[in-house]
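The values are calculated or read from the model by the stated rules, or taken from the named source; none is laboratory data. Since the model is a prediction, treat every value here as computed from it, not as a measurement. In this analysis, Cβ positions are derived from the backbone assuming ideal geometry, glycine residues included, and neighbour counts consider all displayed protein chains.
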Amino acid sequence: MTEQNAYQRAGVDIKAGEKAVALMKDAVADTYTPRVLDGIGGFGAAFSLGSGYQNPVLVSGADGVGTKLLLAIAANKHDTIGQDLVAMVANDILAQGAKPAFMLDYLAVDKMRPEVVAEIVTGVAKAAKASGMALIGGESAELPGLYAPNHFDLAAFAVGIAEQDQLLKPENVTAGDVLIGLPSSGIHSNGYSLVRQVLGIETADDFKNLSVDEQNVLMTPTALYAETVWPLVEKGLVQSMAHITGGGITENLPRAYTSNLSAHIIWGSWPILPIFNQLQVAGQLSIEDMLLTFNNGLGMILVVKLENRDAVMTQLKANSQAAYVIGEITADQGPE
């Protein structure tokens with residue numbers, strides 16, 4: 001029998017942690033670009049901005065996955081939850097008009113299971129690469145006693161780069177600008193506390209008792225928009241943008257324009273996935289609750305000039321990104 005050291009007897013297995021790093025190392029390294037100067041294994045990571053910028057601005061974001069993690073744990077499915085994590089930070093950075101550049105992840109577990117940890121981080125790495133980001137570092141912590149058996153938490157910090165005059169700001173928007181909605185892949189990573197309540201998912205068994213199709217719908221990872229939308233930002237075809245997360249369209253879209261303007265949205269101009277209708281009926285939720293909690297089929301909304309509408313729609317189609325003209329910006333008429 002292998003002799004245990006004091007730390008291992010206390011519940012922390014350093015060797016298991018080393019094995020997890022070895023298993024994920026190739027997937028992480030695959031995200032590196034020439035700008036990564038020092039990556040996994042050091043005390044910190046270095047990233048070169050390069051000399052191609054005139055007045056570079058760093059745009060940062062931090063987020064987690066939320067209680068969707070509980071469904072991943074119940075399903076014992078860990079290969080897609082990393083995309084949810086990446087999307088939450090990459091899409092936020094993109095919405096500011098910055099190109100996602102690099103990120104670091106934080107994974108805390110009750111017990112170091114190398115294969116599970118590697119599967120989670122490999123999923124993070126694949127999504128990071130798809131968003132054009134290098135996963136240049138992070139932390140995997142084994143915290144016995146803090147988490148319930150098989151439970152974990154996942155968070156990320158990411159940085160993007162933009163020219164200062166390239167940043168997307170509410171002040172860029174004027175009346176007459178067009179709203180273009182990009183469809184979500186599903187619920188994404190917001191509102192899962194309400195989802196679990198509405199569908200009666202209190203335990204792992206409750207989740208497993210759902211049909212396979214229902215489980216798959218609830219576990220569908222958040223859409224990544226950087227690859228298809230960044231070229232539009234780079235060409236100056238987008239005035240502003242809203243990432244539709246917690247708070248839904250109601251709270252997120254107004255962040256993309258100034259208070260003297262309003263958004264006129266044509267309901268029905270984009271497809272609403274069946275899961276949202278199912279949640280509304282099952283929970284007897286009001287329209288207000290739906291709009292304040294879920295994305296209702298739109299993951300990102302672009303604000304573009306009318307004269308750029310066709311060019312934007314054509315390029316999105318060329319990049320196999322579905323998009324819908326959903327309304328326009330109008331002058332605010334004030335309270336009725």
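Of all residues in segment 238-267, those being in contact (Cβ under 8 Å) with a residue 24 or more places away in the chain and more than 23 Å from the chain's Cα centre (by Cα) number 9. Only one entry in D79, D110, D84 is closer than 30 Å to D205 by Cα and out of contact with any His (no Cβ under 9 Å at 6 or more places or on another chain), namely D79. Checked against (1) in contact with a strand residue (DSSP E or B) (Cβ under 9 Å, 6 or more places away or on another chain); (2) under 30 Å from N308 (Cα atoms), I187 passes all but condition (1). Quick check, is V117 at pLDDT below 95, assigned by TED's automatic domain parsing to the domain that holds P144 and in contact with a helix residue (DSSP H, G or I) (Cβ under 7 Å, 6 or more places away or on another chain)? Answer is yes for this residue. Scanning segment 52-71 for residues that are under 14 Å from L107 (Cα atoms) and not charged (D, E, K, R) turns up A62, G64, V65, G66, L69. Selection of segment 30-65 for residues being modelled with pLDDT of 80 or more and within 21 Å of R113 (Cα to Cα) yields G64, V65.
Please work out if L154 is part of a strand (DSSP E or B), in contact with a helix residue (DSSP H, G or I) (Cβ under 8 Å, 6 or more places away or on another chain) and closer than 30 Å to V229 by Cβ. In short, yes. Looking across segment 54-76, just one residue is over 22 Å from the mean Cα position of the chain (by Cα) and either outside any loop (DSSP other than H, G, I, E, B) or closer than 17 Å to M133 by Cβ (or both), and that is P56.
Restricting the search to segment 268-305, which residues are polar (S, T, N, Q) and surrounded by fewer than 16 Cβ atoms within 10 Å (Cβ to Cβ)? Show your work before the answer.
Just the residues of segment 268-305 that are polar (S, T, N, Q), to begin with: 269, 277-278, 280, 284, 286, 293, 295-296.
Scanning segment 268-305 gives S269, N277, Q278, Q284, S286.
Taking segment 118-147 as the search range and keeping residues that are assigned to a strand (DSSP E or B), in contact (Cβ under 8 Å) with a residue 40 or more places away in the chain and of a type in the set (A, V, I, L, M, F, W, C), which one is surrounded by the most Cβ atoms within 10 Å (Cβ to Cβ)? Here the residue is L135.
Scanning segment 193-210 for any residue that is touching a residue at least 12 places away in the same chain (Cβ under 8 Å) and touching a strand residue (DSSP E or B) at 6+ places or on another chain (Cβ under 9 Å) turns up nothing.
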